[in-house]
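Notes for the one structure printed next.
The values are calculated or read from the model by the stated rules, or taken from the named source; none is laboratory data. Because the structure is predicted, anything quoted here is derived from the model rather than measured. Counting neighbours? That spans all protein chains shown, and the Cβs are built from the backbone with ideal geometry, glycine included.
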Amino acid sequence: MPDYRSGEPFSLAGLRQVPFWIGVGANDHESQDVPRNWDQYIGDCRVDRATAFVGALQSLGVSVRLQQFANTSHVETDEMRAAALEFLRSLPAASPRPAAEPSLAPSA
């Protein structure tokens, strides 16, 4: 069945080729900040939900790294930005996509 957003079928093999980095403040435990509907499935705060998401990805064989930032709640810090950039820099360079075929339509 195609994904309603892309029109392409879900590819577990493709997902397994995408490395994930999940960052969360270790003190981000404010349950009133997240929708309650999902508590029984993924936890009642962002730390629990990040952990549940990591576990779900790992159960599918996806490469994922969870990094919790000490003494940090739901804020973005310089340390978080630096860690995210470090993760991105650690990824292998992507292969360039082939150039699009030039149009054969006559120009106006």
Please find, within the stretch 15-47, the residue that is farthest from the chain's Cα centre (by Cα) out of those that are part of a helix (DSSP H, G or I) and among the basic types (Lys, Arg).
ARG36
Counting only residues that are exposed (fewer than 13 other Cβ atoms within 10 Å of the Cβ) and either touching a His at 6+ places or on another chain (Cβ under 7 Å) or among the aliphatic types (A, V, I, L, M) (or both), how many does the stretch 11-27 have?
3
Selection within the stretch 44-98 - of a type in the set (D, E, K, R) and touching a residue at least 24 places away in the same chain (Cβ under 8 Å)
ARG46, ARG65
Which condition number in (1) exposed (fewer than 12 other Cβ atoms within 10 Å of the Cβ); (2) acidic (Asp, Glu); (3) in contact (Cβ under 8 Å) with a residue 24 or more places away in the chain is the one that GLU30 fails?
(1)
Count of residues meeting criterion [surrounded by fewer than 16 Cβ atoms within 10 Å (Cβ to Cβ) and among the hydrophobic types (A, V, I, L, M, F, W, C)] in the stretch 43-61:
3
Check the stretch 62-74 and report whether any residue there is within 16 Å of the chain's Cα centre (by Cα), closer than 28 Å to ALA93 by Cβ and exposed (fewer than 12 other Cβ atoms within 10 Å of the Cβ).
no
Answer yes or no as to whether GLN67 is outside any helix (DSSP H, G or I), out of contact with any Ser or Thr (no Cβ under 7 Å at 6 or more places or on another chain) and modelled with pLDDT of 95 or more.
yes
